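Data first, discussion second: the structure below is written as structure tokens.
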Amino acid sequence: MSRQWHDLHSPAARPSLYLRAASKRTISGEHLPDDGLRCFIQVEPANLDAYRRLCHFPDDGRLPATYPHVMAFALQLQLMTARDFPFPLLGLVHLQNRIEVLRPLGAIEGLRFAVYAHNLQAHDKGGTFDLVTEAEDGIGVLWRETSRMLVRGLKLDGQAGGHADDEPPCLPEATRWYADSDIGRRYAKVCGDYNPIHLSAVSARLFGFPTAIAHGMWTKAMALAALRGHLPHSGYAFEVAFRKPVRLPSEVVLSASEAGPAGVLRLDGHGGILHMLGRWDQL
């Protein structure tokens, strides 16, 4: 397929993107647009420092593997709030996230990002699509993210998927942490993701959640930071499937296999609640 690329000087302002998101509440089609967005985005050192502190990454001279997601977030919003994008942003469910670190993320002042959506498929709860984000330097692509998004209520022809991943066996505990009641607001301030389901119990209840829930990408970042000694500097993929959301406040337990070229992880809450499954592999 020939993709139509739109090169931007900078992403649109986030307040205007959120206004667009709030104005679209219904599904307007069942075909993804063929175009994508590209933009060079600079690293903001103060924001990077705040992100490291929030997610417990050390300052080791490299970007945390989840940080390009933060850099590209406004560009992703702009794609998914465009007039020809058929699905409302509010109500999308982030099912899975895969990050590939192809080359080391050190000595980076900025990256050229490309964002597009594809792979629309039927699902037993509606439909899914993949939001793909790639980052390149002067040599080529060095980082890639694929986020699988669920569109509830979408009716598509074809066999529906959506089966759950097999749960890994009992794993040794790697660490645990407490997700306090304001972590959603603190993550939003640093990363710009002001989805109401993360901000307060009052705003979360408007979307059917009894309490605010933690951002999935904060949960993934915390796991990645805790397991950084298990992974090489580059040449790996780190993938997670989000299961039950982390209600705020609550304590979670991260378990993982031993360090090595491949492994598995899980994040559990009290009462046998499974929040996240994941794995890492060499590329």
Of the residues in the range 17-52, those that are surrounded by 11 or more Cβ atoms within 10 Å (Cβ to Cβ) and in a helix (DSSP H, G or I) number 12
Looking only at residues that are open to solvent by 10 Å² or more (accessible area, probe 1.4 Å) and out of contact with any Asp or Glu (no Cβ under 7 Å at 6 or more places or on another chain) in the range 249-262, which one is nearest to PRO172 (Cα to Cα)?
SER257
How many residues of the range 263-281 are open to solvent by 10 Å² or more (accessible area, probe 1.4 Å), closer than 23 Å to ALA204 by Cβ and of a type in the set (A, V, I, L, M)? The answer is 2
Number of the condition not met by THR219 [criteria: (1) in contact (Cβ under 8 Å) with a residue 60 or more places away in the chain; (2) in a helix (DSSP H, G or I)]:
(1)
Would you point out which residue out of TYR18, TYR67 is among the hydroxyl-bearing types (Ser, Thr, Tyr) and more than 30 Å from GLY229 (Cα to Cα)?
TYR18
For GLN96, indicate whether it is more than 28 Å from ALA226 (Cβ to Cβ), assigned to a strand (DSSP E or B) and of a type outside the set (Phe, Trp, Tyr).
no
Limited to the range 53-80, what total is found for residues that are open to solvent by less than 20 Å² (accessible area, probe 1.4 Å) and either of a type in the set (Asp, Glu) or part of a loop (DSSP other than H, G, I, E, B) (or both)?
4
Go through the range 92-127 and count every residue that is more than 15 Å from the chain's Cα centre (by Cα) and either over 24 Å from SER2 (Cβ atoms) or open to solvent by less than 20 Å² (accessible area, probe 1.4 Å) (or both).
18
I need the full set of residues from the range 196-216 which are out of contact with any Lys or Arg (no Cβ under 7 Å at 6 or more places or on another chain), at pLDDT 90 or above, more than 21 Å from ARG98 (Cα to Cα) and not in a helix (DSSP H, G or I), in order please.
SER200, PRO210, ALA212
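The values are calculated or read from the model by the stated rules, or taken from the named source; none is laboratory data. As the structure is a computational prediction, the values presented were derived from the model and not from experiment. Using ideal geometry, Cβ is built from the backbone for each residue, glycine included, and neighbour counts are taken over all protein chains shown. Just the protein is used for accessible areas: all its heavy atoms, side chains included, with ligands, DNA and RNA removed. Shrake-Rupley method; radii C 1.70, N 1.55, O 1.52, S 1.80 Å.
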